[in-house]
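Chemist: The structure that follows is given in the form of structure tokens.
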Amino acid sequence: MISMAAEKAKMIHARYPGLPFPIDMEYLASAEGCEVVDWPFLAPVKEVKQGRWIGIAEGVSRRERRYLIAHALAHQLLHCGNQLSFLQWQKATVLKQEQEAEIFAAHILMPQPELDKVINLPAWDLADYFDVPEKLVRERISDFATEEELANWEEINWNVLP
């Protein structure tokens, strides 16, 4: 599951080389055919993906907004884009798609080449650098890391030890 979502994020980065950091998720969503709109959702709803539209709750922080757009874009690119049709789906399918969207969001917002440069920073500094929620940083460098990344980061850590 990690590899499919992570590979899709890599493909998107390859399609748009030279994206500055932090990545402009509204630009990227637009480039992929989506339109982001602010909407006065009632709690707990913060994001809805319907067709080409990504609705984001008014008043969310900039970091959360970027993350929510990346999450919704994942559904567009990995799951045919419509996440309102869950009524007849099995819970396992829904949970799998949500996990894939989380992994994609983490990898699109914090791609390996850029993360490798700053991996030794504390999680809160990584959150500042990538302009993402700290929780997403922690997931990205642990649960959502690929085997290749983990091995690479272990080597980086050995090289910086005294």
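Values in this text are rule-based calculations from the coordinates and carry no lab data. Computed from a predicted structure; not experimentally measured. Reconstructed Cβ throughout: ideal geometry from the backbone, glycine too, with neighbour counts over all protein chains shown.
Chemist: Hey, which of these cross-link pairs are over 28 Å Cα-Cα: LYS46/LYS135; LYS46/LYS117; LYS49/LYS117?
Modeler: On the way: LYS46/LYS135 17 Å; LYS46/LYS117 32 Å; LYS49/LYS117 33 Å.
Going by Cα-Cα distance, LYS46/LYS117; LYS49/LYS117 fall outside the 28 Å limit.
Chemist: Add -39500 (n - 2.57) for each DSSP H run of 4 or more in the chain, then divide by its residues: what number comes out at 222 nm, to the nearest 500 deg cm²/dmol?
Modeler: Details: 8 runs with 93 residues, N = 162.
Helix contribution divided over all residues of the chain: -17500 deg cm²/dmol.
Chemist: For the peptides 133-144, 117-128, what is the packing order when you average, over each peptide's residues, the other Cβ atoms within 10 Å and list the highest mean first?
Modeler: Details: 133-144: 17.5, 117-128: 14.3.
Ranking the peptides 133-144, 117-128 by packing returns 133-144, 117-128.
Chemist: What relative contact order, as a whole-number percentage, does region 1-74 give when Cα pairs under 8 Å and 6 or more residues apart are counted?
Modeler: Reported as a whole number, the value is 26 percent.
Chemist: Within 11 Å, Cβ to Cβ, of ILE103, how many net charges do the neighbouring residues add up to if Lys/Arg are +1 and Asp/Glu are -1? Mind showing how you got there, number by number?
Modeler: Numbers: positive: LYS8, LYS96, ARG140; negative: GLU7, GLU98, GLU100, GLU102, GLU139, ASP143.
That works out to -3.
Chemist: Lys and Arg at +1, Asp and Glu at -1: add these up for the other residues within a Cβ distance under 14 Å of VAL37 and post the number. Display every interim value, and only then the final one.
Modeler: Numbers: positive: LYS46, LYS49, ARG52, ARG65; negative: GLU26, GLU35, ASP38, GLU47, GLU58.
So the surrounding residues net to -1.
Chemist: Let me ask you something else. How much of the DSSP beta bridge set in region 2-160 is antiparallel, as a percent to the nearest 5?
Modeler: Values: 4 of 9 bridges.
Here the share of antiparallel DSSP bridges comes out near 45 percent.
Chemist: Let me ask another. What percent does the relative contact order of the chain come to when contacts are Cα pairs within less than 8 Å and at least six residues apart? Present the calculation step by step, with values, prior to reporting the outcome.
Modeler: Numbers: 184 pairs, mean separation 40.8, N = 162.
Normalised by residue count, the contact order of the chain is 25 percent.
Chemist: Take the Cα pairs of the chain, get the Kirkwood Rh, then feed it into Stokes-Einstein at 20 °C and 1.002 mPa s and tell me D in µm²/s. Before the final figure, lay out the partial values.
Modeler: Values: Rh = 16.3 Å.
Translational D for this selection: 131 µm²/s.
Chemist: Return VAL60, VAL36 ranked ascending by Cβ neighbour count within 10 Å, so the fewest neighbours appear first.
Modeler: Details: VAL60 16, VAL36 20.
Ranking VAL60, VAL36 by Cβ neighbours within 10 Å, fewest first, gives VAL60, VAL36.
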